[in-house]
1. Of the residues that sit in the range 557-590 and are of a type in the set (Gly, Ala, Ser) and either assigned to a loop (DSSP other than H, G, I, E, B) or at pLDDT below 70 (or both), which one is surrounded by the most Cβ atoms within 10 Å (Cβ to Cβ)?
2. Just the residues that are part of a helix (DSSP H, G or I) and surrounded by fewer than 20 Cβ atoms within 10 Å (Cβ to Cβ), please, taken from the range 298-314.
3. Take the range 135-144 and flag every residue that is part of a loop (DSSP other than H, G, I, E, B) and at pLDDT below 90.
4. Being at pLDDT 95 or above, within 24 Å of the chain's Cα centre (by Cα) and among the polar types (S, T, N, Q): is that true of Gln263 here?
5. Scan the range 408-454 for residues that are of a type in the set (D, E, K, R), in contact with a strand residue (DSSP E or B) (Cβ under 8 Å, 6 or more places away or on another chain) and farther than 16 Å from Ile520 by Cβ and jot them down.
6. Suppose we keep only residues that are under 24 Å from Gly126 (Cα atoms) and among the aliphatic types (A, V, I, L, M) within the range 232-272. Which one would you say is surrounded by the fewest Cβ atoms within 10 Å (Cβ to Cβ)?
7. How many of the residues in the range 67-85 are within 12 Å of the chain's Cα centre (by Cα) and either of a type in the set (S, T, N, Q) or not assigned by TED's automatic domain parsing to the domain that holds Thr112 (or both)?
8. Report those helices (runs of 4 or more DSSP H) wholly inside the range 59-129 carrying at least 3 residues which are at pLDDT 95 or above and touching a Ser or Thr at 6+ places or on another chain (Cβ under 9 Å).
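The values are calculated or read from the model by the stated rules, or taken from the named source; none is laboratory data. Note that the structure is predicted; figures quoted are calculated from it, not measured. Here Cβ is always computed from backbone atoms with ideal geometry, including for glycine, and neighbour counts include all displayed protein chains.
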Amino acid sequence: MRFIKSLSLALTILAFALTNEPAEADDRPNVLLIVCDDLNDYIEPLGGHPQAQTSNIQRLFDSSVSFTEAYCNIPICNPSRASFATGLYPHTSQVFGFEKWTENEILSHSRTMMAHFSAHGYHSLGTGKIMHNADKQEWDEIGHPTDYGPFACDDNGKNLPHPNTPSPLRDDFGAIDGSFGPLYKLDLESGLFWRTGGWQKTRTLRYESGDNRDLTGDELNAQWAVEKLKYYAESPDEKPFFMGVGFVRPHTPLIVPQKYFDQFPIDEIELPEILDDDVEDTFKHTVTNEEVDRGKMIYESLIASYDGDRDLALRKFIQAYLASVASVDDLVGEILDAVDNSSLKDNTIIIFTSDHGWGMGEKNHLFKNSLWKESTRVPLSIRAPGVSQNGQTSDTPVTLVDLYPTLLDLCDLPSDTMKSEKGRPLDGHSLKPLLENPAAGHWDGPDAALTALYKWATYYDPAFQSYSLRSQDWLYIRYENEKEELYHTTEDPNEWNNLALNPEHVTQLETMRAQLLDRIPESIPQPIKSNEDWKDDYFKKNPGADANGDGNLSWAELKAHKEKAANAPPQNTSPPSERLQTEGVFSKNADGGIIFTKSNDGQVYYAIKEIGEQVTEHLDQTVTVNARVKPATSGKVMMMVYLVNVRLTKK
């Protein structure tokens, strides 16, 4: 404790304290949150796969307290991230699916952890995928957007599965879930090129060799984070920071540089323990339409793609998954080096985790979104200088909803995170006692981890969802149709033997059933979308439908507007594109834009920005192009809309 040398200084400190603000910002620790996507326990510290190569993650866990029984609160992207970022269970917010969290009344009136830190003197900055939907308003500074690439792309601009991914998987699940393979130089004659980016904005990814290529999205995020960390290390007078770094891998498509695949020879890949017919005593299929049970469908499609050879199919997929994890491990190492080799080491809290896990064929499920261990277990390590007993582990069941209150506790920030009375107080509990004494297992949180299941639905009544409750020794699952599963996980770690129908375990079943029902709310009335609501929504999107201009849309006006729209000729129809394969010269026009002039007839084409960036090095040289062109929306000039490749013509 500092010694107060003067009355003046004492009064200054007292006056500052009375403002209910935290202590001097410079004294508070920085926070670095690293979040992976779809990362299960296939890392060295958790031993989920014996061949995982994650030495940097191991190094981080060795210098942290790690939680061997950490679980997500719902095993799918959007609701899981909305949950841990706001500290609220899905049943509290009623966000169980892919609705935008910013449009949810409870979440929009509750501060995310990054916004809360920003509101209390921290500089919040983030890059990559932290939350599922765009969250720029939550940060003071944003790096790169979410980037799911690389993708193979054709000359029509369509993302395709990796060229090596066989059918029917590639046809059934497309460029995301139906795609895995190494990043390598594509054959010029294939008509394909690599592209990367998010749903709205993409860029060509140049690849000549492993050492001569553009960076992937995850690599750009790591580079950005390292640069920011170096800046803060050299700027001790800056405010403390809250930094989020979101890596997309090992989310599909499992496409990373070839060198990572080379680390895992296909004929040496070890397979997980899978019990044939293990689904016979399970009930997930009873609440999921067989036609939309994505985990089952991907599993069966993958096996069919290798002529029914299940072992080969799983080896191919697991190789790509392990390669993707290894690629992320290298990036974690870069970030960890930036912290540990600087002044930040002793004053920066580092959290490493994932939004949920991923099943590898256990119970015929190759996906996330099940209540079994493979989907719900997540890596979790916390390094808090001066607090955490580094190198130790805790086997207390915890969940991601506990991260937010833990960080507030460690950084001495106010625990009230509601923007208004429409928000909700934090559901989780601080893990600080477990950081201070991991072996004791004493904390204020519950004895079992609570997880919900995502389903396709319009409205979500929390009382009628599927949940699991996981203690140190038991897993209890209660589906929305009241079907149950019970596993004694210390004796049955693979969760093969459902004891729910075994009369010898009725007491344990009833105990956990009561515990679960005590933790979830009773039925909450769901809003019914009335006909007037639908009409009002239509009016907002089509204000011109109000024919008499009285500010109200009548049913007659709505009907008339719809009929008029249905009978109107198509507007702004995109003209058909055609192939262009010819010699010509790229150059800059008077406006600084890139144009292409054909050698044979002098026809001029305008290049879109993406192409312009790609061909800068070929300006004023005769080249051969292979492109798609279409008429511009105005004028007769042709518009180059997509370029597959550019090569210098051999003379």
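1. Ser577
2. Passing the criteria: Glu300, Ala304, Arg310, Asp311, Leu312.
3. Asp135
4. no
5. Passing the criteria: only Lys419.
6. From the range 232-272, those under 24 Å from Gly126 (Cα atoms) are 232-256; that's our starting set.
Cutting the leftovers down to among the aliphatic types (A, V, I, L, M) gives us 233, 243, 245, 248, 254-256.
Values: Ala233: 16, Met243: 27, Val245: 28, Val248: 23, Leu254: 27, Ile255: 30, Val256: 26.
So the residue we want is Ala233.
7. 2
8. Fully inside the range 59-129 and qualifying: 77-86, 113-119.
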